[in-house]
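> Here you go, one structure.
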Amino acid sequence: MNEIVNRRGSTRAWENRKPRPCQKLILLLAFVLSAGPTLPSQVLARDSRPTGTLIVQVANLRNDRGQVVCTLFTPADRFPDQSHKGMTFEVPIKGRHATCSFKNLPYGYYAVVAFHDENHDGNFNQNWLGMPEEGFGFSDNPGALKKPVFDEAKVLVDRPRVDLTIRLNYWF
């Protein structure tokens, strides 16, 4: 029988010793970590959720002046007024057409707002009544008479590439 001597000098039979709960946890953790290479990569990598690219074709521009501004929204954002910083892109217009690409998006629902920034000032210009002076549109192309809610403009990114077209509306 194996005996161990603790710091106080007493002996205890090794076979009669029961593992403590923290020792069980340490053993389990050691086992999981040692089996690391055989576990699926989704379990080991924190940010290994599948991602996709959302390609937005912006159509129905009335001219090639200025630029198109596209903003991506998540369900947590205040759609269509405020999105996460860094989710807005300004892209050039060519042949009355523009393309915005949002890459490495974790699979899920998103919405996009696009507008034709004709005067190239980076702002969505409105007149004194609050009426849009520049062309605008939303993903899934809901009606242009009222501000849509997120569910009316959402698009599902659930594969490596998702394409959509936003047709701009001009009120004046």
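> Could you please find all residues in the stretch 52-93 being in contact with a Lys or Arg (Cβ under 7 Å, 6 or more places away or on another chain), surrounded by fewer than 17 Cβ atoms within 10 Å (Cβ to Cβ) and more than 22 Å from Trp171 (Cβ to Cβ)?
Within the stretch 52-93, Thr53, Ile55 qualify.
Residue-by-condition table, conditions (1) in contact with a Leu (Cβ under 6 Å, 6 or more places away or on another chain); (2) more than 17 Å from Asp121 (Cβ to Cβ); (3) at pLDDT 95 or above:
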position	(1), (2), (3)
Asn60	yes, yes, yes
Gly66	no, no, yes
Pro75	no, yes, no
Gln82	no, yes, no
Pro92	no, no, yes
Arg96	yes, yes, yes
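> Which numbered condition in (1) part of a strand (DSSP E or B); (2) surrounded by 13 or more Cβ atoms within 10 Å (Cβ to Cβ); (3) among the charged types (D, E, K, R) is the only one that Arg96 fails?
Just one mismatch for Arg96, condition (1).
> Give the stretch 124-166 a look and list any residue that's more than 23 Å from the chain's Cα centre (by Cα) and surrounded by 11 or more Cβ atoms within 10 Å (Cβ to Cβ), or say none.
If we filter the stretch 124-166 for residues that are more than 23 Å from the chain's Cα centre (by Cα), which is where we start, we get 124-135, 143-146.
Within the stretch 124-166, Phe124, Asn125, Gln126, Pro132, Glu133, Glu134, Gly135, Ala144 meet the criteria.
> Still on this structure, please answer the following. If I filter the stretch 100-150 down to residues being in a strand (DSSP E or B) and in contact with a helix residue (DSSP H, G or I) (Cβ under 6 Å, 6 or more places away or on another chain), which single residue comes out as farthest from Pro75 (Cα to Cα)?
Restricting attention to the stretch 100-150, the residues satisfying the condition of being in a strand (DSSP E or B) are 100-106, 108-117, 126, 132, 136-138.
Next, from what is left, pick out any that are in contact with a helix residue (DSSP H, G or I) (Cβ under 6 Å, 6 or more places away or on another chain): 111, 138.
Numbers: Ala111: 8, Phe138: 15 Å.
Checked the stretch 100-150; the qualifying residue farthest from Pro75 (Cα to Cα) is Phe138.
The values are calculated or read from the model by the stated rules, or taken from the named source; none is laboratory data. Values in this document were obtained by computation on a predicted structure and should not be read as measured data. Every residue, glycine as well, gets a Cβ built from its backbone with ideal geometry; the counts of neighbours run over all protein chains shown.
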